[in-house]
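What follows is a set of notes on a single structure, which appears directly below.
The values are calculated or read from the model by the stated rules, or taken from the named source; none is laboratory data. All values reported here derive from a predicted model rather than from experimental measurement. Here the Cβ is made from the backbone with ideal geometry for all residues, glycine too, and neighbour counts use every protein chain on show.
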């Protein structure tokens, strides 16, 4: 059936339905839907000399950081990163980074 449909589309007998352009669905802004900003403690390190990560030795994990410019300012320092963890990609969406030992 798929082969027949593909053949008909290729021959011009069947034209795929056009998708509406410019229609947006605006999501409601519920605070319940927003992930909570939380604190992550650890040390900013360079992974392979290319990307900055947060290494949490207490929990034996490390996270990617989406704000590489800000993370680079704290290379080698113990910090507190305030942000939202994107679990599937182990990345913290950084809101702020502060020195843990001022």
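So which residues in the stretch 53-64 are under 15 Å from the mean Cα position of the chain (by Cα) and over 13 Å from residue 39 (Cα atoms)? Working first, answer last.
Taking the stretch 53-64 as the starting set, the residues that turn out to be under 15 Å from the mean Cα position of the chain (by Cα) are 53-54, 62-64.
Listed by number, the residues that qualify are 53, 62, 64.
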**Item:** Hits in the stretch 67-81 (condition: surrounded by 15 or more Cβ atoms within 10 Å (Cβ to Cβ) and farther than 15 Å from residue 101 by Cβ)
**Value:** 67, 70, 71
**Message:** Please determine whether any residue of the stretch 18-38 is within 19 Å of the chain's Cα centre (by Cα), at pLDDT 85 or above and surrounded by 12 or more Cβ atoms within 10 Å (Cβ to Cβ).
**Reply:** yes
